[in-house]
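Here's the structure, in structure tokens; my notes come after.
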Amino acid sequence: MARWLTWLMDAQTPWTRPLGTWAFGWLHRFFSWAPTLRDFLIGRWLGHPIHAVLTDAPIGILFLVPVFDLLPNPVSAEVALIVGILAMIAAATAGFADYADTDGSARDRATLHSTLMLSALVLYIVSLALRLAGNGAGAGPFWTSILAFLVLASGAYVGGDVVYVLGNMVDRHAFRGTGTKWIHLEPAETDPDGSIPTGRPVKAKLGINNLVLVRDGEQILALHDTCAHAGGPLSGGKLVDGGLIECPWHASRYRMADGHVVRGPSIYDQPAYEVRAREGGGWEARRSAS
Ligand code: FES
């Protein structure tokens, strides 16, 4: 069943890709122009995706519409419909902020998800309009809201795939262990005197992990090189605003001193590492306690 549904979703790519490219273009421009609004909507202040929190509300509320229709309790059905529509609009607004920095196959799938959700929203508005026009007890509003819920449930399935199958908005360090062992650090480049270059990020190897190093006087600041948002290489980014590193892919910013995210689209902190000089020369590092 899941394979067939995946095939069905992938078969939509001929129209989701161009539509997604177009929608991404203007949403990305808008939210790049308003990064504070984007960070609020994606949930950087909460450290958790807001869209995921908000989507539960409309699905639960709108499930009640046919229940109230069958009781029958038309006034409650109308109230549930109005609250559900408002909750859908809130969830969609947060979802568009996530979408503004979504790439590749996750964007194709997210385009399908958004299209289904917007279609369900239109159907719910039609159902509400019919009820308010005086057809509250009629078959038209009832079946329209049933159809809307089926479309809504399909959209929720596709949205689940965007996160659980394609890993969009999942912390890239979700499965990374902590560990307190000091390990030999191997910078990709050093100055002729053997020191870490200043004024720019430097990539380094720490066992199986890559780190980004920044020299701050005698101190070496280190974060994991893989951006928590979508895996961009921080060592390819740039230093900004004294002590922050900006990811080259979507411009998330992290504090080099402790890995705290200070600008989205990432909502997760970056693993930070302690670095110290090694007996006999060179450096060693270990993951900082978070
Ligand atoms: S990968 Fe998206 S901001 Fe770093």
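Just so it is clear, none of the values below were taken in a lab; they were calculated from the coordinates. Predicted model, so just to flag it, every value in this text is computed and none were measured. Cβ placement follows ideal geometry from the backbone for every residue including glycine, while neighbour counts extend to all protein chains displayed.
Averaging Cα coordinates gives a centre for the range 124-168 and one for the range 1-25; these two points are 20 Å apart. Shape analysis of the range 183-287 based on the Cα gyration tensor places the equivalent ellipsoid semi-axes at 22, 14, 11 Å, largest first. The equivalent ellipsoid that matches the C-alpha gyration tensor of the range 182-223 spans semi-axes of 16, 11, 9 angstrom, in descending order.
Computed log10 I(q)/I(0) for the range 138-191 at 0.16, 0.17, 0.29 Å⁻¹: -0.75, -0.79, -1.06, from the Debye equation with unit scatterers placed on every C-alpha and solvent omitted. Computed over the chain, the Cα gyration tensor eigenvalues convert (square root of 5λ each) into semi-axes of 48, 17, 16 Å, ordered from largest to smallest. Taking a point 7 Å out from the Cα of Leu86 in the direction of its Cβ, the residues of the range 32-60 whose backbone N falls within less than 13 Å of it are 58.
I want to verify the translational diffusion coefficient of the range 1-47 in µm²/s; compute it with Stokes-Einstein, Rh as the Kirkwood radius over Cα pairs, at 37 °C and 0.692 mPa s. Answer, rounded: 253 µm²/s. As a rough footprinting exposure proxy, the listed residues Val202, Val67 were ranked by other beta carbons within 10 Å of their own, and the order from fewest upward is Val67, Val202. Among beta bridges from DSSP that stay inside the chain, the antiparallel ones total about 95%.
Roughly how far apart, in whole Å, are the Cα centres of the range 64-118 and the range 197-264? Between the Cα centre of the range 64-118 and that of the range 197-264, the gap is 37 Å. Legend: ranking of residues Ile85, Ile208, Ile125, Ile267 from fewest to most surrounding C-beta atoms inside 10 Å; resulting order Ile208, Ile125, Ile85, Ile267. Calculated on the Cα set of the range 2-164, radius of gyration then Dmax: 16.8, 49 Å.
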